[in-house]
Amino acid sequence: MLNPVTPDFEKTLRGLLPAAAFKDDSAPYLSEPRGRWAGQGLVVAPGSTDEVAAVVRACADGRIGIVPYSGGTGLVGGQIQQEGPVPVVLSLERMNRIRDVYPMENVLVCDAGVILADVQKAAEDIGRLFPLSLASEGSARIGGLLATNAGGVNVLRYGNARALCLGLEVVRPDGTVWHGLTRLRKDNTGYDLRNLMIGAEGTLGVITGAAVKLVPRPVGVGVAMMAVTSPAAALELLAMAGAQIGEGISAFEIMHRQGFDFLSQVGPDIKQPFDEIPEWSVLIDVGLPAGLSPEDALEGLFASAFEAGLVADGAIAQNVAQRDAFWHIRESIPEANRRIGSVSSHDISLPLSAIPAFIDRGKQALAEVGAFRINCFGHLGDGNLHYNVFPMPGRNRADYEAERPEVKRVVHDLVHSMEGSVSAEHGIGRLKVKDLETYGDPAKLAMLRAIKSALDPLGIMNPGAVLRQA
């Protein structure tokens, strides 16, 4: 059993940390972006790895839970503990230093609390690119991004957060420090502890530092929006783009017209790329080396796709402003979704060839539950869809509270039956613990529990996240 934070324990922490580590207002740390949960906890913000270790040792001695808090942008409740003994909420915001940059190695080493946009800027300053890119990059922090193995729009080309990390520094549940900040690309010396910690959502330790990979910046960047005749046509277009442009494709996003309708209804304001909004469209981003024209590559792709009957219309950005405008459309869809208010949102992945059938079958299955609007969009290039279900016009999500569990079950059952995952890039957190139990392979679950028990025998690290608290 864990113990709650008491006044005496808070006094102990105040003796270990400077006054700057304690927050006058804890409210921002006890909520999450969708407003579905309210948390609890004593918020502390250590300023160094040694201070993090001191907090963890004190919590281990007192058997007090620790909820690591990064940028607070997670959507599955991993940073929020609603129930149980009051924990310590450990914020990494004061650990915001870029420690070293190695241009010749294409490596950057930083504290876990550095904001993603600041890492991107540091890479840009030396002519490199840190390609992890997502809507919350102005507030999401490196430690949380690695702890959740974040994805984003560039996974097709560069991989997710796991693929962009070389080494980690981690405070273990007993307060000792694993000094794994290697910059090596090859190191076959036993179990891969780095990949064990990435995606663990703070349940096995606290990430305090990371060595991340940088890549050369593409010289020529191009973006196009194309109206496709169907999701199946979008997949054929993806294959055609791979054949014609190769690894130059950085992102390949699919969008349903429902997202455009929501943008027209509630904003944010965008400039529509088509005179008539198509049922389905894709955004294609390419980055090419010197001597190759992205505009020519995209024009050639459109011509081939049009001749094959895959696309009906298209627009190719001719300058930076147009490229930014196209991306603004895609990046504004989640905000429009938030303003509408979903009945149930789903971060799913499927084998690429199964996606068209899933979209058809999902619509049919939900129609048997009730009348809904579906906004399906996301990272088609890596099989990750954001499949969100919304109220009909004139109603709001509160009207559908009774249907919400059935909507979620129908979608996740279908995903599982088609060999997909009910969590593509957002993690398990606390929201999907039951889903992991329902759809997870029993052998996998046994292994996860064994690892948790071995590394965190007291169960103090992010209790109740990923795995149900024993």
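The values are calculated or read from the model by the stated rules, or taken from the named source; none is laboratory data. Here the structure is a predicted model, which is why all the values come from computation and not from measurement. Glycine gets a Cβ as well: all are built from the backbone with ideal geometry, and neighbour counts include every protein chain shown. Quick note on the areas: whole protein, heavy atoms, side chains included, nothing else; ligands and nucleic acids left out. Shrake-Rupley method; radii C 1.70, N 1.55, O 1.52, S 1.80 Å.
Sort out for me the helices (runs of 4 or more DSSP H) sitting completely within region 247-341 that have 3 or more residues that are of a type in the set (V, I, T). Write out each step before concluding.
Details: elements: 257-266, 294-307, 320-340.
Counting at least 3 such residues, we get 320-340.
Which ones in region 455-470 are among the hydrophobic types (A, V, I, L, M, F, W, C) and more than 22 Å from the chain's Cα centre (by Cα)?
Taking region 455-470 and keeping what is among the hydrophobic types (A, V, I, L, M, F, W, C), we get 455, 458, 460-461, 465-467, 470.
Correct list: L455, L458, I460, A470.
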What is the residue count in region 303-338 for residues that are under 20 Å from the mean Cα position of the chain (by Cα) and open to solvent by 30 Å² or more (accessible area, probe 1.4 Å)? 6
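The rows are residues; the columns are (1) surrounded by fewer than 23 Cβ atoms within 10 Å (Cβ to Cβ); (2) farther than 20 Å from L184 by Cα.
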{"position": "K121", "(1), (2)": "yes, yes"}
{"position": "P131", "(1), (2)": "no, no"}
{"position": "A140", "(1), (2)": "no, yes"}
{"position": "A150", "(1), (2)": "no, yes"}
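Could you please find all residues in region 437-466 being surrounded by fewer than 19 Cβ atoms within 10 Å (Cβ to Cβ) and within 28 Å of L380 (Cα to Cα)?
Taking region 437-466 and keeping what is surrounded by fewer than 19 Cβ atoms within 10 Å (Cβ to Cβ), we get 437-451, 453-455, 457-458.
E437, T438, Y439, G440, D441, K444 - these are the residues of region 437-466 that are surrounded by fewer than 19 Cβ atoms within 10 Å (Cβ to Cβ) and within 28 Å of L380 (Cα to Cα).
Go through region 6-38 and report how many residues are within 24 Å of the chain's Cα centre (by Cα) and open to solvent by 20 Å² or more (accessible area, probe 1.4 Å).
Within region 6-38, the subset within 24 Å of the chain's Cα centre (by Cα) is 27-38.
Narrowing the set further to residues that are open to solvent by 20 Å² or more (accessible area, probe 1.4 Å) leaves 27-31, 33-38.
Qualifying residue count, region 6-38: 11.
I'm trying to understand the selection: among the residues of region 182-198, which are part of a loop (DSSP other than H, G, I, E, B) and buried (at least 19 other Cβ atoms within 10 Å of the Cβ)?
I198
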Are there any pairs with C-beta distances below 6 angstrom linking a residue in region 3-18 that is part of a strand (DSSP E or B) to a residue that is open to solvent by 70 Å² or more (accessible area, probe 1.4 Å) and of a type outside the set (A, V, I, L, M), with the two at least 6 apart or on different chains, and if so which? N3/R63
Of the residues G65, G74, only one is under 19 Å from L204 (Cα atoms), open to solvent by 20 Å² or more (accessible area, probe 1.4 Å) and not charged (D, E, K, R); which? G74
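Just the residues that are hydrophobic (A, V, I, L, M, F, W, C), under 20 Å from G381 (Cα atoms) and open to solvent by less than 30 Å² (accessible area, probe 1.4 Å), please, taken from region 271-302. Before the answer, list the steps.
First pass over region 271-302, keeping only residues hydrophobic (A, V, I, L, M, F, W, C): 274, 277, 280, 282-284, 286, 288, 290, 292, 297-298, 301-302.
So of that shortlist, the ones also under 20 Å from G381 (Cα atoms) come out as 280, 282-284, 286, 288, 297-298, 301-302.
Those that are hydrophobic (A, V, I, L, M, F, W, C), under 20 Å from G381 (Cα atoms) and open to solvent by less than 30 Å² (accessible area, probe 1.4 Å): W280, V282, L283, I284, V286, L288, A297, L298, L301.
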Do we have L352 as touching a Pro at 6+ places or on another chain (Cβ under 6 Å) and not aromatic (F, W, Y) here? no
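Enumerate the helices (runs of 4 or more DSSP H) found wholly within region 53-160, keeping only those where 2 or more residues are under 20 Å from L30 (Cα atoms) and under 20 Å from the mean Cα position of the chain (by Cα). Steps first, please.
On the way: elements: 116-125, 142-147, 155-158.
Output list reads 142-147.
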Filter region 375-396 down to residues that are surrounded by fewer than 16 Cβ atoms within 10 Å (Cβ to Cβ) and under 26 Å from A135 (Cβ atoms), then give me how many there are. 2
Within region 237-246, which residues are surrounded by 17 or more Cβ atoms within 10 Å (Cβ to Cβ) and either modelled with pLDDT under 95 or more than 15 Å from A303 (Cβ to Cβ) (or both)? L238
For region 355-372, does any single residue satisfy the condition of being modelled with pLDDT of 95 or more and over 16 Å from V410 (Cβ atoms)? yes
Looking at (1) of a type in the set (D, E); (2) open to solvent by 20 Å² or more (accessible area, probe 1.4 Å); (3) farther than 16 Å from E253 by Cβ, which one does E425 not meet, given that it meets all the others? (3)
So which of P85, P68, P28 ends up being within 29 Å of G180 (Cβ to Cβ) and in contact (Cβ under 8 Å) with a residue 24 or more places away in the chain? P68
With (1) surrounded by fewer than 16 Cβ atoms within 10 Å (Cβ to Cβ); (2) small (G, A, S); (3) within 18 Å of I355 (Cα to Cα) as the list, and G420 as the residue in question, which single condition is left unmet? (1)
Filter pass, A163 being modelled with pLDDT of 95 or more and either surrounded by fewer than 19 Cβ atoms within 10 Å (Cβ to Cβ) or not in a loop (DSSP other than H, G, I, E, B) (or both): yes
